[in-house]
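Structure, as structure tokens:
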Amino acid sequence: MIRYALGRIALMIPTLLGIALITFVMIRIVPGDVVELKMRSDGGRVTQQQINDERTRLGLDKPLPEQFYLWMKGLVTFDFGNSMWTGRPVAQEIGGRIGLSIQVAIMAALVAVLIAVPLGTIAALFRDSPIDYLIRIITIAGLAVPSFWLGMIIILVLLTFFKWSPPVTYVSILEDPVKNMSQLIWPSLAVGYRYAAVVARMIRSSIIEVMQEDYIRTARAKGVGEFMVVFKHAMRNALLPAITIIGLEFAFLIGGLVVTEQVFNLNGIGRLFVDAVIRNDFILIQTIVFLLAIIFVSVNLVVDLVYGFLDPRTRM
Amino acid sequence: MAMLTRSFNNALLFCRLQPLGALGLLIIVVMAGCAVLAEQVTLYNPEAVDFGAMLSGPSSEHPFGTDSFGRDIFTRIVYGARTALTIGFLSSMIGCHIGAAIGIASAYHGGWVDLLLQRFIDIILSFPIVVLALVVVAVMGKTMVLGIDLNLVFAIAIPIIPRSCRVIRAATLSIRTQPYVDAARAGGYSTVYILLRYIAPNVIAPFLVLLTAYIAQAILLEASLSFLGLGVTEPKPAWGLMLAGDSANFYNEAPWMILFPGLAISLSVFAFNLFGDSLRDWLDPKYRN
Amino acid sequence: MGQSTVSPQEAQGQIGSAAPVAGAVPDGDCLLSVENLQVEFNTKRGHFRAVDGVSWSVNRGETLALVGESGCGKSVSALSVMRLLPRPAASIVGGRILFDGCDLLAESESGMRHRRGRDMSMIFQDPMTSLNPVLTIGDQITEPLRNHLGLSDQQARQRAVELLEMVGINEMERRLDQYPHQFSGGMRQRVMIAIGLACNPRLIIADEPTTALDVTIQAQILEMMRDLTRRLGITLVIITHNLGIVARYADRVAVMYAGRIVEQGPADRIFRAPRHPYTRGLLRSVPRLDRVRGALLETIEGYPPNLYEKHRGCHFAARCELVTDLCRNTAPSLLAYEGHEVACHLSDRGLPADSKPVLAGGERELARSDVLLEVVNLNKHFGGAGKGLFSVATALHAVKDVSFTIKRGETLGLVGESGCGKTTVGRMILKLESASSGDIRFDGESLITASAARIRDLRQRIQVIFQDPYASLNPRMTMGETLLEPLTQCLDLSPKAAQDRVHELIDQVGLLRDVKDRYPHQMSGGQRQRIGIARALAFGPDLIVCDEPVSALDVSIQGQIINLLAGIQAKLGVSYLFIAHDLAVVRHISHRVIVMYRGKVVESADCDRLYEEARHPYTRALLASAPVPDPQIERARQGQILQGEVGSVFSSQQGCLFANRCPMATTECHHINPPLEEIAASHFAACIHHPAVVNQRGSAS
């Protein structure tokens, strides 16, 4: 198990390097030049001299390998450079906002898994019954409803029926848990719906498949009761593939968050990213993209380790 | 003629065995019909501003109401279907085809090419779809062709490529080891012939399912980008765009501005997912018998 | 199924099965009796009656074998006893199942649950999938003990240790905490038996318990099951298609065909004097180890009926040589004759003497001419490159220095258990796998050094037939397209000539020409395999690699395919490399036989000589492990079972690879790598004790 974990962690190093390289290349593929694009799009008259100065300031006049080396060095020392828009250090911009986004993501994932497991199990056990059809429709809808629109509908419902709207200023959960939750629970729900739907569908099909395995028949032939057949013999086998999906779908969660933060006026990392894209703040873009990819990879590492722990075949 | 009767019988059987899928297909057909015949099914110009009818609620003249510019929402939704389906279909086609080609080649070639390619794909997969699309939008800007922003199509297609590649590669790998492929290899047929005659027809099933699923994804993604103001731009009608900007300022005054475009997005994605799901069951011999 | 709407044929069935109820259970010692059982399946394709008025019974302490080919309803009737039929697809629509006088079909679900695993246990076919992969072996064995007997964890564990010892698993304490993936297939089946024995049940039903295992492991498991059930007084129902197993282990036999019992009675009687034409045909179509091979096997022509369609009359009528109009229209009843029961209209008259002369003797003449294929010191390593940073590189040496030749028109049998490398040898000859070292010379030309263009030409002359006839056909091509492809792609025939050739090929493999427009899923296994043969023939090959071509087929179909292959060889002079695990099948078709063990050739000889004068202890063990379909021979024969299991192919072991299992092994064997020596004219064996093997044999007989 420890060897397995070490192996997985070691495999992350080339992945992280690859992510950094691809992020770096993507930003530099820009037709023309980042600085030119940004300064021209800001409007107003820009002289070639100003562009050149800006380039030098950002180190963009250096050869590409050197730029990459400097960027990597910066990443390791948490010096990501300064925002091209506000001029403040990127680390500072991100640091102030990431807590909120992480909290929403974790809450969304928790809510989703808590809803998805029972929902998927019930649908599988009552396969092709009305309740199964209902759950299937709810989950297919979960894939269809865009999270940002769901967020708008939540606000609309709160406004129309409760004459109340969630607070717009962020308070840390340590400071005022009630106010914090009353603000962040709604985006978590909006983003988590899709997540719950995907996981529930996976669990449903996985349980249906497992219930047809030979070892389930063996358990029944031993005189094991149906309840134990499901919860002892089928459940753990069925959860294994679902766990993988929980990790992979995390990418969607992050994506959903980027858009949904706009709806709730949350000053999180998603909002920062969209603003950076709108303002062509490439230093900020490259750092956030790299960061989000790392978060995704780390979540999947954890999921892999959990999987490895739960499955005796990889535990050795 | 025999072919026609057979496909007709197949279609009937599909409707009988997969009623939900048939429902999805019906919604898709109606929507596509509306998109093609937008001029015929609507009464207004989607971009015509009418300040006299600003923010009016659903009525017989404006079944879904009007927006803050007095534009008819129903009309804009119908024209929006044109935008959504065009971009969704194009992006999914481009993304899935490129992905499938890479996937088949990678699986069939095997060895270090496959290994490197899959590592690369793994890394690309670490970037969330929306994030990747936004970066592409940011670096590529706009290229309009026939009223369609080609770069937007690419921005949506690019995140689809690695995902399609993975699925098709896995399907190819499992077919590659089938004895009938061995029999073809033992027959001395060329690699290209085996790929075309043996591998491709047998990955068609997962490919079709993928294509449908990613049309849904692409519609969703286009709506998200437009909502953020980075996809389709005013005054062109697009569902995501209709939810963006000042529509959020009118929660109390004009909830229909939020309700109907979102329903349109959900319904179309729902239909494609429903159809895709049933298609998968239908094409899977395991489920069929 | 309402009683009021009984169709004539159902009524027939009921009358038919009414007879044994009165006649077959004379003594009150009957533990289980299935009476007029009817099971229906509802599927998307329609519904059919998988078990149609079946009655059988088994006495206390007795072993009953339910015999029949796939789809005959033998497993379904056994699952009905346990009430474990797949729901909602299957439902029992009629009959009674009396267990110790109590009707199980009237039992409540919770009542059944208390019986399962306590009064009756079941052992399934595939040990690889029958154990839960995420629970420890100990947990799975103790579960029924805790559930049914209320034992504490401590007590249950103690009992589990006893049980493992009983089924021959060592280091019990340590093994209890392991997971199924740490056990081999044979070991897993032992664990399944331990689970079955846990609560001292009165009845064990074993559904094809050894079909998924190698023949030496099969012998271990079956001998152990017989000893244990006898010792503990457990009644055993074995479901099998293998008539050798029936002959060796069963007291009584019930033969099923297409959902009905055709014949049942004491094993001796059924084997000595079968009264039903199907039973007789089945017994005669089995290739046998204990008889001199004939030129052709006897077969039962045709295919089993499609149960989705309604059949009046006897289900076997369409394939029966003795069929009359009565058979076609009325289902025969099961009636008692001289101690056993038969469902055949002709049985009161007795079967006529063999309608066909026994096809015996006749060595197929082989023009011992030139060598077609020569394999020299062939080796194959798999893997070796470590995956990931922390894994140790392990190479699998699948084929070790294998050499042999095949002459024109000759059949070389390649025998061995799973994982011995026989399939890999075939794949290297087909160039589907590249050789690690050694040479393959085809018609004097090396396949290893030949250019790619030359290989493409040569490939048409070396063709292949696979084990799984369904998987070996492209599911998206019709049979016509499949056969046309080689003709147009490789042989450049004109469309007209190609069409004619397709018809000729279809005729040649004994199919009707209308199969041209069918897809693989529209045909039966036997038909698909015929198309597989036709495709190979389309290229006009000199050599066909037959990789287990009949092992996926039922006995009665097996014979048809083997005869077809032999006929084609006689007519076209094509050579076969016939790869199989079934020694009897290989004996029947081969001129020469090679035996492989863990990647090495251990013995090779002319066919008859090998079966009569085997010198390698492994070959002898293989021959001794496979029971023959004759109760008298089997009763007389001592169980000579080979202990242990095939070791890991990854371990690089010194000395003879068979030494750890060999009954004759000495310390020398563990150090000396025995060379393959010619011990008699064209008879090779790799054993340093081969003269002793003869002595042992001499003293034994």
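The values are calculated or read from the model by the stated rules, or taken from the named source; none is laboratory data. None of the values given here were measured: they were computed from a predicted structure. Methodologically, a virtual Cβ is constructed for each residue, glycine included, from the backbone with ideal geometry; neighbour enumeration extends over all protein chains shown. We work out accessible area using only protein heavy atoms, side chains counted, and drop any ligands, DNA or RNA first. Shrake-Rupley method; radii C 1.70, N 1.55, O 1.52, S 1.80 Å.
Just a few scattered comments:
- Selection count where residues are open to solvent by less than 20 Å² (accessible area, probe 1.4 Å) and either hydroxyl-bearing (S, T, Y) or over 30 Å from B:G245 (Cα atoms) (or both), scope segment B:203-224: 5
- Look at segment B:68-96: where a residue is closer than 19 Å to B:A157 by Cα and assigned to a helix (DSSP H, G or I) and a partner is modelled with pLDDT under 85 and among the basic types (K, R), sitting 6+ places away or on another chain with Cβ atoms under 8 Å, you get B:T83/B:K236.
- Listed by position, the strands (runs of 3 or more DSSP E) enclosed by segment C:550-651 that each have at least 2 residues that are at pLDDT 85 or above and either touching a Phe, Trp or Tyr at 6+ places or on another chain (Cβ under 7 Å) or acidic (D, E) (or both) are C:592-597, C:600-606.
- Qualifying residue in segment A:100-112 (condition: of a type outside the set (A, V, I, L, M, F, W, C), under 24 Å from the mean Cα position of the chain (by Cα) and more than 30 Å from A:V289 (Cα to Cα)): no
- Helices (runs of 4 or more DSSP H) enclosed by segment B:166-251 - at least 2 residues per element that are over 30 Å from B:T83 (Cβ atoms): B:179-186, B:191-194, B:200-227
- Residue list for segment B:139-172, restricted to those being more than 19 Å from A:F296 (Cα to Cα) and either open to solvent by less than 10 Å² (accessible area, probe 1.4 Å) or acidic (D, E) (or both): B:D149, B:L152, B:V153, B:A155, B:I156, B:A157, B:S164, B:C165, B:I168, B:T172
- Restricting attention to segment A:43-70 and to residues that are of a type outside the set (A, V, I, L, M, F, W, C) and closer than 17 Å to A:T287 by Cα, the residue that is modelled with the lowest pLDDT turns out to be A:G59.
- Inside segment B:1-57, residues that are over 21 Å from B:L274 (Cβ atoms), part of a helix (DSSP H, G or I) and open to solvent by 90 Å² or more (accessible area, probe 1.4 Å) make up a count of 8.
- If the condition is being within 16 Å of C:E645 (Cβ to Cβ), outside any loop (DSSP other than H, G, I, E, B) and small (G, A, S), then segment C:171-213 contributes C:G185, C:G186.
- Test: residue in segment A:165-176 that is outside any helix (DSSP H, G or I), surrounded by fewer than 15 Cβ atoms within 10 Å (Cβ to Cβ), within 12 Å of chain B (Cβ to nearest Cβ) and without any contact (Cβ under 8 Å) to a residue 40 or more places away in the chain: yes
- Tabulated pairs, segment A:270-289, first farther than 14 Å from B:L230 by Cβ, second among the aromatic types (F, W, Y) and open to solvent by less than 20 Å² (accessible area, probe 1.4 Å), C-beta under 6 angstrom, 6+ apart or interchain: A:I288/A:F273
- Top-ranked residue in segment C:315-340 [being in contact (Cβ under 8 Å) with a residue 24 or more places away in the chain, in a loop (DSSP other than H, G, I, E, B) and among the hydroxyl-bearing types (S, T, Y); ranked as surrounded by the fewest Cβ atoms within 10 Å (Cβ to Cβ)]: C:T330
Let's see how each residue does on (1) open to solvent by 10 Å² or more (accessible area, probe 1.4 Å); (2) assigned to a helix (DSSP H, G or I):
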| residue | (1), (2) |
| --- | --- |
| A:M235 | yes, yes |
| A:G247 | no, yes |
| A:N280 | yes, no |
| A:N300 | yes, yes |
| A:Y307 | yes, yes |
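- In segment C:168-182, of all residues being within 27 Å of the chain's Cα centre (by Cα) and at pLDDT below 90, the one that is nearest to the other protein chains (Cβ to nearest Cβ) corresponds to C:H181.
- Search result, residues across segment A:296-316 that are among the β-branched types (V, I, T) and in contact (Cβ under 8 Å) with a residue 60 or more places away in the chain: A:V297, A:V303, A:V306, A:T314
- The one condition in (1) of a type in the set (K, R); (2) under 31 Å from the mean Cα position of the chain (by Cα); (3) more than 8 Å from chain A (Cβ to nearest Cβ) that C:R118 fails to fulfil: (3)
- The number of residues in segment C:139-152 being under 22 Å from C:H181 (Cβ atoms) and open to solvent by 10 Å² or more (accessible area, probe 1.4 Å) comes to 2.
- Flag for A:I254 being within 14 Å of chain B (Cβ to nearest Cβ), open to solvent by 30 Å² or more (accessible area, probe 1.4 Å) and assigned to a helix (DSSP H, G or I): no
- Of all residues making up segment C:455-474, the number that are under 17 Å from C:G525 (Cβ atoms), open to solvent by less than 10 Å² (accessible area, probe 1.4 Å) and within 7 Å of another protein chain (Cβ to nearest Cβ): 3
- The residues of segment C:177-199 that are in contact (Cβ under 8 Å) with a residue 40 or more places away in the chain and under 14 Å from C:N132 (Cα atoms), listed by number, are C:D177, C:Q178, C:Y179, C:P180, C:H181, C:F183, C:G185, C:R188, C:Q189, C:V191, C:M192, C:I195.
- Hits in segment C:103-121 (condition: closer than 15 Å to C:A194 by Cα and open to solvent by less than 40 Å² (accessible area, probe 1.4 Å)): C:R116, C:G117, C:D119, C:M120, C:S121
- When residues of segment C:122-138 are limited to those that are within 22 Å of C:Q218 (Cβ to Cβ) and not in a helix (DSSP H, G or I), the one most open to solvent (accessible area, probe 1.4 Å): C:Q125
- Selection count where residues are over 17 Å from C:Y303 (Cβ atoms) and open to solvent by 10 Å² or more (accessible area, probe 1.4 Å), scope segment C:515-538: 4
- Residues in segment C:429-447 that are open to solvent by less than 70 Å² (accessible area, probe 1.4 Å), without any contact (Cβ under 8 Å) to a residue 60 or more places away in the chain and in contact with a Lys or Arg (Cβ under 9 Å, 6 or more places away or on another chain): C:K431, C:L432, C:E433, C:A435, C:S436, C:E445, C:L447.
- Single residue of A:A112, A:A144, A:A116, A:A123 found to be within 14 Å of chain B (Cβ to nearest Cβ), buried (at least 21 other Cβ atoms within 10 Å of the Cβ) and under 16 Å from A:L189 (Cα atoms): A:A144
- Single residue of segment A:177-197 satisfying the filter (within 14 Å of chain B (Cβ to nearest Cβ) and open to solvent by less than 20 Å² (accessible area, probe 1.4 Å)) that is farthest from A:E249 (Cα to Cα): A:A190
- The single condition from (1) among the polar types (S, T, N, Q); (2) away from chain C (no Cβ under 14 Å); (3) part of a helix (DSSP H, G or I); (4) more than 18 Å from the chain's Cα centre (by Cα) that A:T314 fails is (2).
- Taking segment C:597-622 as the range and being under 16 Å from C:F578 (Cα atoms), crowded, with 24+ Cβ neighbours inside 10 Å and of a type in the set (A, V, I, L, M, F, W, C) as the test, the residues that pass are C:V601, C:A605, C:L610.
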